[in-house]
Structure formats: C-alpha cells, structure tokens
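Below is one structure; the comments refer to it alone.
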Amino acid sequence: MSPLAHYLIFSGILFSIGIAGVLIRRNIIVVFMCLELMLTAANVSLVAFSRAHGSNGLPDYNAQVLVLFIIAIAAAEVAIGLALIVAMFRARKTVDSTSLNSLKG
Amino acid sequence: MDLPISQILFYLFALAALVSAFGVVAFRNPVSSAMCMAACFGFVAAIFFGLGAEFLGIVQIMVYAGAVLVLFLFVVMMLDVKKEEKLVVSLPAALVGTCIAAVFAGMITNVSLSLPGATDCCPMAAACETPANVQSNTTPNPSKFGGPLAAPKSGERSDTHILGEMIFTKYNIPFAILSFALLSACVGTVAISRKLRQD
C-alpha cells in the first residue's frame, strides 16, 4: 500500500490548488469553492494520519471524529458564506471580489 | 515491480481528484467549477473508502457532493453570473498566485518525505503483508508517524460502529455544542439573507 507520505503529498497539492484558486480567481463564488477544496485537503491528511497512527489494528478514531466535526463546520460555513455572497450581490450587483473596495483610502 | 490493486486505485483517484481540482480553478463558468468540485469530492470520498474510513466517505458524498453542491448551484443560478464570464485574470496576479502555491506544495512535499517513518510503511491495514511487525506495533510510537497496522479482524465491530460509539461517549459534549453551532448558522443565514425593512 502507498506510504503515508504519498497521501500527505496528495493533500498538500490539493491544498495548494485551493490556495492558487483563492489568489487567482476574482469570482467570489469560485474563491469559496477553493476554500472548500482546502478544507477537504486537511481532511485527507487527517484520515491518512488516523490510519497510520493507530494501534491494535484499529485506526486512531480521534482524528476521524475531528474530520466529522470539520465537515459539519464546513457545511455551516458554506451556508453563511453563500448568504453573505447573496447579500453582497444585492448591494453591489456583482460577484467580483475586486469591487469590494469601499474601505480603500 | 507489481503494484497491489489498492495502490493503483489510490494513485488513480488522487490523479483524478487533482485534475478536477485544477478544473475548479481553470474553468470560466462557475457551473463547470461547481461540477468539478463535486467530482473532486467524489474522488476524495473514494480515497477515504480506500483508507478504511467508510463512514467518512459516505458523509463526504452526502454533505459535499449533495448538500454543498446544491447550495452552490442554487446561488450561481440565483445570481446573474453570465456577464462575469468575461472577466480577465491579470497575468501578474496569476503568476504570483501560482508561484505561492507551487512553493507551498514543494514545502509540504519536502516535509512529508522527511517525516520519520512516512515513506517506509503502509497506512492501509488490510493490504499490509507484514504479520511479524503487527505484534510490535500495538502501541503508538510518537517518534514514528506510520507503521504497518494489524489487519482488522473479521467479525469485529465495523468502522461506523466504533466511530458512533466514540461520538456519543467521549465526544458527546462537543457533538452537542456542534449542533448548536449548526443551529446558529441556520438562524444567521436566514437573518443575513432576508430583505431589510425600509422603515
């Protein structure tokens, strides 16, 4: 089976693609999708560590409970974030993140 | 060198997940990005299955590919984003973003490869054919991040059973607090997205 490092590298590359999306894209909905990708990358590394760090033939279930909590918090975050995007669209009539510059001096 | 089927499947699913994650960033149309995101989460769920975390894989499919994708598509359709497709990404911004992400990926790769015990072991229990090491690995060793695990004994409690038992005993209070967090997120979403009164 693949060594732990390959799972961690996969998770790191997924996270980096998320970072690149957040930095490059201007459409705030796509930026939000990239945030979800980054959360998922963290989940992958947690599950891989849970499998590699177990004892007595069982994985470390503390990590899997943490993954469950992260998924629940991510769902709440998606709901609130999309509500904020809808509110932003009502106020600005655009989803371009560069239009949010009213605090600029 | 012959690879076991579980390893081939991991590399296949990892490659597919990375390609669809790239699609999220590359596609102009937000609906295509959302579809790529769902595909990526599906492949990640497959990797969870391969790691023996069946419950988390199913939760990943249900929550992300189900609920979150529907929310995203609903918002994309509710907002008029057709005219946003013409947005041009500036070349310096793209270059800087790619450089930062590449440096980060290289850093993580370096750290992962230099973890003690990260490359010479297998995180998957069932595929490990080293029964001699099974007995020596009954206690977690903090200096070694990985190691061959014992194969799960057949007839023992399933993954979901143990996870549920853990949630409702050791993590019962955090679980209850989490439900309050979800409730407040619901109320907050309604409060943010409702129309303000004019008076």
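The values are calculated or read from the model by the stated rules, or taken from the named source; none is laboratory data. Please read these numbers as outputs of a predicted model, since none were measured by experiment. In this analysis, Cβ positions are derived from the backbone assuming ideal geometry, glycine residues included, and neighbour counts consider all displayed protein chains. Keep in mind that these areas ignore ligands, DNA and RNA; they rest on the heavy atoms of the full protein, side chains included. Shrake-Rupley method; radii C 1.70, N 1.55, O 1.52, S 1.80 Å.
A few points about this structure:
- For chain A, relative contact order (Cα pairs under 8 Å, six or more residues apart, normalised by length) works out to 26 percent.
- Inter-chain neighbour count for B:38-50: the average number of beta-carbon atoms from partner chains within 10 Å of each residue's beta-carbon is 3.
- Protection-proxy order for peptides B:64-74, A:3-13, each taking the mean of Cβ atoms within 10 Å per residue, highest first: A:3-13, B:64-74
- What the Cβ-Cβ distance of B:V31 and B:I8 gives, at R0 = 25 Å and to the nearest 0.05, is a FRET efficiency of 0.20.
- Per residue, chain A exposes 33 Å² of solvent-accessible protein surface, assessed with a 1.4 angstrom probe and all protein chains in place.
- The residue list A:Y7, A:S97, A:A75 was ranked by how far each Cα lies along the charge dipole of chain A toward its positive end, using unit charges on Cβ atoms, and A:S97 comes out on top.
- Once both labels are positioned 7 Å from their Cα atoms along Cα-to-Cβ, the gap between B:L73 and B:R157 label points is 3.8 nm.
- Rounded if a/c under 1.5, otherwise prolate or oblate - region B:1-82, Cα gyration tensor axes: oblate
- Extension reserve of the B:I173-B:A94 stretch, reckoned as 0.36 nm per residue once the Cα distance is removed: 24.0 nm
- Using a Förster distance of 45 Å, the FRET efficiency for B:M107-A:T98 (Cβ separation, nearest 0.05): 0.95
- With all protein chains modelled, accessible area of A:T98 [1.4 Å, Å²]: 80
- Spin-label model, A:A91 to B:V19: label points 7 Å out along the Cα-to-beta-carbon direction sit 4.2 nm apart.
- Average partner coverage of A:98-105, which counts Cβ from other chains inside 10 Å: 0
- Per residue of peptide B:102-111, the mean number of Cβ atoms on other chains within 10 Å of the residue Cβ is 5.
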